[in-house]
Amino acid sequence: MTLPSLTSLTSTPSLTPYLLLICLVVAERFAELLTARRHTAWSLARGGREYGRGHYPAMVALHTALLVGCVVEPWLAGRPFVPLLGWPALAVVVAAQGLRWWCVATLGPRWNTRVLVVPGLPLVERGPYRVLRHPNYVAVVAEGAALPLVHSAWMTALGFTVLNLVLLRVRIGCEDAALTDVGRLRAPASVPSAGAPS
């Protein structure tokens, strides 16, 4: 079995715009990290405490693997662009980005890729948080499943989704424990199951 050449990566007409989409998502990730860095400084300056450092590298690795898989699987496995799947998946990706940045705008400097809690600040219950407990993770789940499926990379979509649900169980449990620790959530009645990402 011979591997496709590097030139074949862009020889399929639908792969070129798909690679551009992945590049845009990568740029969005860097924007997230820069925003999170500013917000981290803001939180720490106000006595913020970080929780769950141990799972953060796994989260970064998983999200990096998603983007790599989105490129490698269509290229190596010759996954086609299927319009009936690809266009709806693209719409989900765009909607997920909108929801993610709505969360960022709603939380302001309190939004972060890390779990940072500033004592004394009330729980945010406006914007998407009026409807969903964890709207940012809805965006993560939707994008992680849909982005690979834009170009039929179903193995990447499935692998990311399964591993991400395991990681979100840890992450949401960590966030709820952090908020309980600072008195924003009542324990245990107000703390939902960590296994039910929302």
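Accessible surface comparison of 59, 155, probe 1.4 Å, protein chains only, largest first: the order is 155, 59.
For the chain, hydrophobic long helices are taken as DSSP H runs at least 15 Å long by C-alpha position along their axis with mean Kyte-Doolittle hydropathy of 1.0 or more; these are 56-76, 83-107, 135-149. Computed over segment 62-192, relative contact order equals 36 percent, with contacts defined as Cα pairs under 8 Å that lie 6+ residues apart.
Volume of the convex hull of the chain (Cα atoms only), normalised per residue: 121 Å³.
Using a 1.4 angstrom probe on heavy atoms only, work out the carbon and sulfur share of the accessible area of segment 83-185 in %. After summing per-atom areas, the C and S share lands at 72 percent. Accessible area per residue for segment 35-112 is 53 Å², calculated with a 1.4 Å probe on protein heavy atoms, without ligands, DNA or RNA. Protein heavy-atom accessible surface, 1.4 Å probe, per residue over segment 120-164: 46 Å².
The values are calculated or read from the model by the stated rules, or taken from the named source; none is laboratory data. What you see is a predicted model, and the numbers here were worked out from it, not measured in a lab. Side chains included, ligands, DNA and RNA excluded: accessible areas come from the protein's heavy atoms. Shrake-Rupley method; radii C 1.70, N 1.55, O 1.52, S 1.80 Å.
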